[in-house]
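Sharing a structure below in structure tokens format, with a few things to ask.
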Amino acid sequence: MYAFSLSDSDVETRLKFISAGREDVDVRCLGDGRPFAIEISDPIRQLTSEELNGACAEVSKSGDVIVKYLTYLTKDDLIQLKKGEETKCKTYEALCIKLTHSKFDDNKTESVKVTQEDIDYINNYRNTETDDPVRIQITQKTPIRVLHRRPLLTRKREILDLQARIVPDQPQLFLLSIRTSAGTYVKEYVHGELARTHPSLSHALNADIDLLALDVTQVHLEWPPK
């Protein structure tokens, strides 16, 4: 492995990759990216700044994954990274589609489209007090799609902010910017998954809403610590 002088077998036994959470394979991590750490057991020497910069360039040259910079960490930093997996919040941008009429559509015979009433309702909806920093409190059962590897539990999650806007020239589409507490299943919040997430965006609009694409735009964790 470039700069670390590790063989393939060394990578399997001596290198540990630690990240601040994870996403589904179809979710991109944009913005400042995802905080991570690399731990190498039994190191021979400390790498120079030039070698660390070279490793960044080598990893980033394909464009599939981009590493901005590498620096040295302490054990306390690693504790903060692992703790952040359970405490950090994240901001997402979701491309959503309105599949059926909402409670604001008076004429159900017209073609389905996102209206300004839909957008205004999303942008002002909350189920908490107006002075509460949490806008929407939800409960989520473990999604069906991950039940094969996670226990069936009902968890309380928080939507901290939610803003929607219409996609020009795409009458059924809208973009959703959503900031959530750690562990929130955004896809299920959008469509509700047969009411396993409640309240969901679909429930709030009384319409079938689905998610076409999802990006992480910010992981709210100062990394590396200053």
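Every number in this text was worked out from the coordinates using simple rules, so none of it is lab data. Remember, predicted model here, so these are calculated numbers, not experimental data. Note that we place each Cβ from the backbone using ideal geometry, even for glycine, and neighbour counts take in every protein chain shown.
Relative contact order for segment 8-85: what percent, with Cα pairs under 8 Å and sequence separation of 6 or more? It would help to have the intermediate numbers written out before the result.
On the way: 52 pairs, mean separation 25.9, N = 78.
Rounded, it is 33 percent for segment 8-85.
With an 8 Å Cα cut-off and a minimum separation of 6 or more residues, compute the relative contact order for the chain in percent.
Relative CO of the chain lands at 28 percent.
On to the next question. Check cross-link reach from K113 to the lysines: straight Cα distance under 21 Å, and skip same-chain residues fewer than eight apart.
K98, K103, K187
A follow-up question, please. Please give the residues of segment 166-183, grouped as numeric ranges, whose backbone N is less than 17 Å from a label point set 7 Å along the Cα-to-Cβ vector of T128.
Flagged as within label range: 178-183.
What nm value, rounded to one decimal, do you get for the distance between L173 and T139 when each label is placed 7 Å out toward the C-beta?
It works out to 3.6 nm between the two label points.
Let me ask something else about it. Show that you can apply the helix-only estimate: for the chain, add -39,500 (n - 2.57) for every DSSP H stretch of four or more residues, divide by all residues, and state [θ] at 222 nm to the nearest 500.
Result for the chain: -6500 deg cm²/dmol, rounded to the nearest 500.
Could I ask something else about it? For D161 and E85, what does the FRET efficiency come to when R0 = 25 Å and r is the distance between their Cβ atoms, rounded to the nearest 0.05?
Working: r = 21 Å, r/R0 = 0.83.
Computed FRET efficiency for D161 and E85: 0.75.
Moving on. Just subtract the alpha-carbon distance of T100 and R28 from 0.36 nm times their residue separation and send over the number in nm, one decimal.
Additional length available on full extension: 23.2 nm.
Sticking with this structure for a sec: As I understand it, the value is the acute angle between the Cα axis of helix 75-87 and the longest principal axis of the Cα atoms of the chain; what does it come to in degrees, rounded to 10?
Orientation of helix 75-87: about 10 degrees from the principal axis.
Right, another one. Work out, step by step, the length gained on full extension between E51 and K68: first 0.36 nm times the residue separation, then minus their alpha carbon distance; give nm to one decimal.
4.7 nm
Near the amide H of Q218, under 5 Å away, which other amide H atoms are found, from residues 5 or more places off or on another chain, if H is placed in the peptide plane?
When sequence neighbours closer than 5 places are left aside, the close amide H contacts are T91.
Could you point to the label whose value was computed as Cα Rg over 2.2 N^0.38 Å for the structure here, given (i) 1.31; (ii) 1.00; (iii) 1.23?
(iii)
Keeping to pairs on different chains or 8 or more places apart, tell me how many lysine pairs in segment 8-85 have Cα atoms under 21 Å apart.
6
Report the residue, chosen from T109, T128, T71, that carries the largest GNM mean-square fluctuation when the chain is represented by alpha-carbon nodes joined by springs under 10 Å.
Greatest mean-square fluctuation among the candidates belongs to T109.
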